[in-house]
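K.L.:
Structure provided below as structure tokens; questions to follow.
The values are calculated or read from the model by the stated rules, or taken from the named source; none is laboratory data. Note that the structure is a prediction, hence the values are computed from the model and not measured. Neighbour counts are summed over all protein chains in view; Cβ atoms, including those assigned to glycine, are modelled from backbone coordinates with ideal geometry. Accessible surface areas use protein heavy atoms only, side chains included; no ligands, DNA or RNA. Shrake-Rupley method; radii C 1.70, N 1.55, O 1.52, S 1.80 Å.
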Amino acid sequence: MDPSDQKFFTVIDYVIFAVLLAASMAIGLYYALSGGRQRTTQEFLMADRSMGCLPVSLSLIASFQSAVAIIGVPAEIYRHGTQYWFIGCAYILGLLIPAHIFIPVFYRLRVSSAYQYLELRFSKAVRICGTLTFIFQMVIYMGVCVYTPAFALNAVTGFELWGAVLATGLVCTLYTTLGGLKAVIWTDVFQTVVMFAGQLAVIVVGVQKTGGVADVWRKVWEGNRISGLDLNPDPTERHTFWTLGVGGVFLMLSLYGVNQAQVQRYLSSRTEKEAVRSCYMVFPSLQLALALSCVMGLVMFARYCGEDHSDKLASSSRDAMVIYFVMDMLHGLPGLPGLFIACLFSAALSTISSAFNSLATVTMEDLIKPQYPAMTEARATLLSKVLAMSYGLLCLAMAYLTHLMGDSVLQVALKIFGMVGGPILGLFCLGMFFPWANSIGALVGLCAGLVVAFWLGIGSILTRSTRPLPLECSANVTIAIQTAFNNITLSQPSGLKRFYSLSYMWYSGFNCTTVILIGLIISFLTGPTKEEDVMPGTLYPLLGKLFCFLPEHLKKKLCCVTPLGQTLAAPQRQPSQHKEGNGLAFPQEDRSSLEERESFLPETLVEYETAV
Ligand SMILES: CC(C)(CO)[C@@H](O)C(=O)NCCC(=O)O
Ligand code: NA
């Protein structure tokens, strides 16, 4: 196969690709012109809180399943075997905990941004710091997402890399800006289906061309690519059951529990029950997505048995081999190359559009609205659209950063989630599970968590790059350097070096824990919050439940049990279910936030209800 062969991408492939972009635009236009025509922020950012669980669940998968996973996971399996597949174990707790802890808290508080929670629980300052951290995380993540499919298209068709980046960014910005969250969710549904179809096509053709299922299995088995359960407890081991199955839970929590893109989808659901149900429905689909990309890596191995042909693509990237494989398989099958490229772009578009919309939401709700409470609805909506567009342009700049990094895209994405998402998760856990945490503790904890995260992350990049890999050196010199390097590492089992080599799968859990520990220490030093001063509904009695075996008086002393039996009830839709006369639900100083909430739900009666 010759990659420069112009016939690889035929007219029908271009048509399929164009249909994907056109359909996405059409969905955007449809929601721009129907319903409330995106004239309120409630519709533009919250989809009128009217979504059912099927579109929401498909959209939840789409948010963090981008071309990065579609290319990165097979590349990982091809090089290192199926160990990564064990991350599927983390999906169980990683989805159950959001469904039963985070969703009820957010939903019953009726927030519109996850960061509003931080103000209700702590203070305005904590909310702003949380928001800024989230914006930082999503902007760099978007860069990787835009870059990856453009890189693939460039390798396959010779299409100008930066042209593709620009086209993705523009199409996505347009339909996100036009159609709001409804368009984002429904394009996600369509794009998720295209994503699965593209992966399936490559696998089916690949298995056929490699000689059938039995042959594929024999080759990957003989090639030692089927990994058993690796129970090595060493935290510096990149992928083991512990790093993936336990560290992965924290990764999942930071993505599916507290990330605004997901929280926004939960909140756009019709009812809390639908939100929980959609979270449950993510499980099988996410397992399917993982299985498809792992199987693709295996088929690829059966085909090449570990050889690297990616040099034929004139690309030094570690992920290029996957593109080479896809081209090799789909060559001469008109329509399928187009379907695969459509699959990559679907995955990317659905992620980027979620990021745009959630970024517009937090900037509006957390940074702008609190400063200008008197802003008219029309103005706010216009501003939200301008924001969605500006973030679109910003992400193009970030794509360039990824281009410079040149690491495996999957690792880059997972590191970003861990380094920036981990501390955010810690901040929410600190607030929800520890009644003593105060605002100063939260701020210092977040800052300390971020500093340690970047120290660790940057340290790992720097120590890795000292490994000598000079290709132009003669073999003797290389061996000499390598020996010297090994001597250094052997004679210096320094703690810091070990710290830097912590598996990136632990980043989320480690950084989350730092924030909680520092946050608690500072809170106790500066005067812990009294339980009765914490806003009702912002706590979850985790400690009380974990230590349920302790005697009652100890439990009361240690954990929040008493006022936590009471949760802020979700506003009921049916008036008959209102229990009136419970009086003031919020402490006096929280009236403003109460009014903010009531301003968009005038019929709401807020009340206490004993938790189930
Ligand atoms: C987020 C997980 C770990 C969930 O399986 C997976 O989808 C993944 O590895 N994503 C990589 C990031 C991306 O695809 O953009
Ligand atoms: Na996606």
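K.L.:
Under the condition of being touching a Pro at 6+ places or on another chain (Cβ under 9 Å) and of a type in the set (Phe, Trp, Tyr), which residue from segment 230-279 is farthest from ALA62 (Cα to Cα)?
P.N.:
TRP242
K.L.:
Yes or no: ALA75 among the small types (Gly, Ala, Ser) and within 16 Å of ligand 2 (Cβ to nearest atom)?
P.N.:
Considered against the rule, which asks whether it is among the small types (Gly, Ala, Ser) and within 16 Å of ligand 2 (Cβ to nearest atom), ALA75 comes out as no.
K.L.:
Please verify whether segment 86-93 includes one or more residues that are crowded, with 22+ Cβ neighbours inside 10 Å and farther than 30 Å from ASP230 by Cα.
P.N.:
no
K.L.:
If a residue must be closer than 16 Å to TYR504 by Cβ and either open to solvent by less than 30 Å² (accessible area, probe 1.4 Å) or at pLDDT 75 or above (or both), how many such residues does segment 392-406 contain?
P.N.:
Adding up the residues that qualify gives 0.
K.L.:
Can you find even one residue in segment 372-384 that is touching a residue at least 60 places away in the same chain (Cβ under 8 Å) and within 23 Å of ASN511 (Cα to Cα)?
P.N.:
There is no residue in segment 372-384 that is touching a residue at least 60 places away in the same chain (Cβ under 8 Å) and within 23 Å of ASN511 (Cα to Cα).
K.L.:
Follow-up question, since we're still on this one. Looking at segment 336-383, which of its residues are open to solvent by 10 Å² or more (accessible area, probe 1.4 Å) and of a type in the set (D, E, K, R)?
P.N.:
Result: GLU365, LYS369, GLU377, ARG379.
K.L.:
Would you be able to say whether some residue in segment 286-296 is over 19 Å from the mean Cα position of the chain (by Cα) and crowded, with 24+ Cβ neighbours inside 10 Å?
P.N.:
Checking segment 286-296: at least one residue is over 19 Å from the mean Cα position of the chain (by Cα) and crowded, with 24+ Cβ neighbours inside 10 Å.
K.L.:
Name every residue in segment 24-41 that is surrounded by fewer than 16 Cβ atoms within 10 Å (Cβ to Cβ) and either in contact (Cβ under 8 Å) with a residue 24 or more places away in the chain or part of a loop (DSSP other than H, G, I, E, B) (or both), in order of residue number.
P.N.:
Within segment 24-41, LEU29, SER34, GLY36, ARG37, ARG39 meet the criteria.
K.L.:
So which of GLY247, GLY211, GLY257 ends up being surrounded by fewer than 23 Cβ atoms within 10 Å (Cβ to Cβ) and of a type in the set (Gly, Ala, Ser)?
P.N.:
None of the others qualify; the one that does is GLY211.
K.L.:
Another one. Checking the structure you have, find out if any residue of segment 54-71 is of a type outside the set (Val, Ile, Thr), buried (at least 23 other Cβ atoms within 10 Å of the Cβ) and away from ligand 2 (no atom under 15 Å from the Cβ).
P.N.:
no
K.L.:
Tell me whether segment 298-318 contains one or more residues that are within 16 Å of ligand 2 (Cβ to nearest atom) and more than 16 Å from the chain's Cα centre (by Cα).
P.N.:
No, there is no match, as no residue in segment 298-318 is within 16 Å of ligand 2 (Cβ to nearest atom) and more than 16 Å from the chain's Cα centre (by Cα).
K.L.:
Quick one: GLN208 ticks every box in (1) in contact with a helix residue (DSSP H, G or I) (Cβ under 7 Å, 6 or more places away or on another chain); (2) farther than 18 Å from LYS415 by Cα except a single one, so which number is it?
P.N.:
Of the numbered conditions (1) in contact with a helix residue (DSSP H, G or I) (Cβ under 7 Å, 6 or more places away or on another chain); (2) farther than 18 Å from LYS415 by Cα, the odd one out for GLN208 is (1).
K.L.:
Within segment 46-81, how many residues are within 16 Å of ligand 1 (Cβ to nearest atom) and not charged (D, E, K, R)?
P.N.:
Start the filter on segment 46-81 by keeping residues that are within 16 Å of ligand 1 (Cβ to nearest atom), which leaves 57-80.
Now narrow it down to the ones that are not charged (D, E, K, R): 57-75, 77-78, 80.
Of the residues in segment 46-81, 22 are within 16 Å of ligand 1 (Cβ to nearest atom) and not charged (D, E, K, R).
K.L.:
Right, here's the next one. Name the one entry in ALA413, ALA448, ALA442 that is over 19 Å from THR131 (Cα atoms) and of a type in the set (Gly, Ala, Ser).
P.N.:
ALA413
K.L.:
Please verify whether segment 555-563 includes one or more residues that are exposed (fewer than 15 other Cβ atoms within 10 Å of the Cβ), modelled with pLDDT of 85 or more, on the phi < 0 side of the Ramachandran plot and of a type outside the set (Ser, Thr, Tyr).
P.N.:
No - not one qualifying residue is present in segment 555-563.
K.L.:
Right, another one. Any residue in segment 109-118 that is open to solvent by 10 Å² or more (accessible area, probe 1.4 Å) and of a type in the set (A, V, I, L, M, F, W, C)?
P.N.:
No - not one qualifying residue is present in segment 109-118.
K.L.:
So which residues in segment 385-432 are over 30 Å from LEU462 (Cβ atoms) and either of a type in the set (Val, Ile, Thr) or free of Cβ contacts under 8 Å to residues at least 24 places away in the same chain (or both)?
P.N.:
Within segment 385-432, VAL386, SER390 qualify.
K.L.:
Another one. With the requirement that a residue be over 12 Å from the mean Cα position of the chain (by Cα) and open to solvent by less than 10 Å² (accessible area, probe 1.4 Å), what does segment 413-424 give you?
P.N.:
Listed by number, the residues that qualify are PRO423, ILE424.
K.L.:
Quickly run through segment 415-437 and pick out the residues that are more than 22 Å from SER501 (Cα to Cα) and among the β-branched types (Val, Ile, Thr).
P.N.:
ILE424
K.L.:
Separate question: Considering each of LEU166, LEU229 in turn, give the residue that is touching a residue at least 24 places away in the same chain (Cβ under 8 Å) and either of a type in the set (Ser, Thr, Tyr) or touching a helix residue (DSSP H, G or I) at 6+ places or on another chain (Cβ under 6 Å) (or both).
P.N.:
Values: LEU166 fails: either of a type in the set (Ser, Thr, Tyr) or touching a helix residue (DSSP H, G or I) at 6+ places or on another chain (Cβ under 6 Å) (or both).
None of the other options fit; the residue is LEU229.
K.L.:
Collect the residues in segment 331-364 that are part of a helix (DSSP H, G or I), more than 16 Å from ligand 1 (Cβ to nearest atom) and in contact with a Pro (Cβ under 8 Å, 6 or more places away or on another chain), keeping them in residue-number order.
P.N.:
ILE341
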